[in-house]
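Quick note: the coordinates plus some simple rules give every number you see, no bench work behind them. Computed from a predicted model, the values in this text were never measured in an experiment. Positions of Cβ are generated from backbone atoms using ideal geometry, with glycine treated the same way; all protein chains shown enter the neighbour counts.
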Ligand code: HEM
Ligand code: SF4
Ligand code: SF4
């Protein structure tokens, strides 16, 4: 998508590079989360009665309820999987807080001017407009992905809290019944909001050809240099600088070790590396 | 049992002496927590001037309405109307105790059970009916004020009790849930105690209907339409095999 034309040689050289975009732990968390949504969304929609709250057709209620053997078992399964989902996410965030969550949030959540400009141009380009307008350079995540992570994080928080309230509603005294009453629409709106985002997310992540590298990176963790350069220039340049600094450091240690008498160098201090940052 | 049943209570206040044996029987049957009850005997006090005083006692419970507002309010269907006999029942395992149904019932026939945290109300002792018995309150009513049975069966106690009698249904111009309790007393005597009152929906419920549902529908429809359009454009344009990284 760049408009400073790269030469063919530059393109080929970039293609040969490999950059780590995602840590394995984050990849696993992502697919666990996606799988959970696949289970929770259709079951959740089947709990909400289409007759009284016209959102899904009554036929969907009937079908899913029959599959699970009735409303009560359906609610039970939805709540059990919901709690497993929550537990895994909270567990991963807590134990991976320093090494995974902070790097993830740091590059995913800070919106700068380029991100907002990206947001104004990219959606129009998807519909064939403003084709020649250059996109501002992006960090590891573009403006759209950053907004989306707010949606997912905030949405997940509200879905989790309200889900727990409804699951353990019998522990809530009647004087606090408004908590249960408000949990239902908030749960619904948070799910609906994230789901609306997921629709865009899945199209851009899995279907759109320009983002094919991003899709495969959600399995392999890696992207090639050309994709990184074209789509995430700021990130690409930062990574290259980091790598150069590390190599420089390593070289100096090698030289020092040779001067000291041919001993192999001690393992060098690792420079910051890895994906999601 | 090809034909559907149409269960109803028939209540004759003239026969009620306010002994409240029915309340005791109901509590024994359902183990309702102290301070909560599924059935009532209402009264609005003595009328007339001494020594010509009268007082009417009006037994009441959930009316298992034909058009139950409680069922309409329940988000999940945990409260439902049973097809085969019209009883309005609660699936306790599915109930999350939100109380929307409690608020929706214009007869205040429901409450949230303080022990179970679930919605609770008269269930017409459906398990006793299945065993061919009468509901506990009806079986225990010594005056015969409480009657229960199938209106579709001309031989049932209730059909016979109302035959040729004026019956009073506790409805108003504003509220008609088609209650399935028929009172064998002229309206003036019992109107006060059993007439329904409509209550406003709780704020969360209003919010859900007026904002939550439309906003979520719109958001999902809009993003879906947008991505579908983008996909169609992609199909028309094809892919750039060499250009795309
Ligand atoms: C089957 C459906 C899904 C597919 C194909 C998919 C695909 C992807 C891809 C390709 C990325 C990497 C983007 C990049 O690195 O540029 C990604 C990241 C992400 N996805 Fe999904 N996703 C799916 C479902 C979901 C769901 C249901 C959620 C949340 C509710 C979700 C939340 C996220 C988040 C928060 C990220 C950011 C993490 C990251 O980019 O490292 N995804 N997804
Ligand atoms: S009396 Fe109230 S609780 Fe009973 S069926 Fe009618 S609306 Fe529902
Ligand atoms: S309290 Fe239970 S039965 Fe009543 S509306 Fe809520 S979920 Fe339905």
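Points to keep in mind about this one:
- Projected-area average for segment B:77-155 over all orientations - Cα convex hull basis, square nanometres: 6.7
- 5 Å binning of all Cα-Cα separations within chain A, expressed as whole percents from 0 upward: 1, 5, 9, 13, 14, 13, 11, 10, 8, 6, 4, 3, 2, 1, 1, 0, 0
- Axis of helix A:71-95 versus longest Cα principal axis of chain A: the two differ by about 30°, to the nearest ten degrees.
- For B:232-240, mean number of other protein chain Cβ atoms within 10 Å: 2
- Estimated Rh, segment A:140-259: Kirkwood, alpha-carbon pairs, angstrom: 18.2
- Spin-label pair residue A:175/residue A:150, simplified geometry with 7 Å Cα→Cβ offset, distance in nm: 3.8
- Once the Cα atoms are used to define both axes, helix B:21-30 deviates from the longest principal axis of chain B by about 40 degrees.
- Label positions at residue A:110 and residue B:166, each projected 7 Å from the Cα along the C-beta direction, are separated by 8.3 nm.
- Across chain B, Cα pairs under 8 Å and at least six residues apart give a relative contact order of 25 percent.
- Residue among A:194, A:202, A:223 with the largest mean-square fluctuation in a Gaussian network model of chain A, springs linking Cα atoms under 10 Å: A:202
- Using a Gaussian network model of chain A in which every pair of alpha carbons under 10 angstrom is joined by a spring, one finds that among A:69, A:143, A:193 the greatest mean-square fluctuation is at A:69.
- Highest-MSF residue in chain B out of B:207, B:80, B:111 [GNM, Cα springs under 10 Å]: B:207
- Within segment B:203-244, the percentage of alpha carbon pairs spaced more than 17 angstrom apart rounds to 55%.
- Maximal additional length on extending the residue A:93-residue A:241 stretch stands at 50.4 nm, based on 0.36 nm per residue less the C-alpha distance.
- Residue mean of other protein chain beta carbons inside 10 Å, B:97-109: 3
- Cα-based equivalent ellipsoid, the protein assembly as shown: semi-axes from gyration tensor eigenvalues, Å: 68, 24, 18
- For A:206-215, mean number of other protein chain Cβ atoms within 10 Å: 3
- Long-range tail of P(r) for chain B (Cα pairs > 28 Å, %): 43
- For the pair residue B:234 and residue A:84, a Förster radius of 35 Å applied to the C-beta separation gives a FRET efficiency near 0.45, rounded to the nearest 0.05.
- Relative to the longest principal axis of the Cα atoms of chain A, helix A:58-68 runs at roughly 80 degrees.
- Taking each DSSP H run with n ≥ 4 as -39500 (n - 2.57) and averaging over every residue of the protein assembly as shown yields -15500 deg cm²/dmol at 222 nm.
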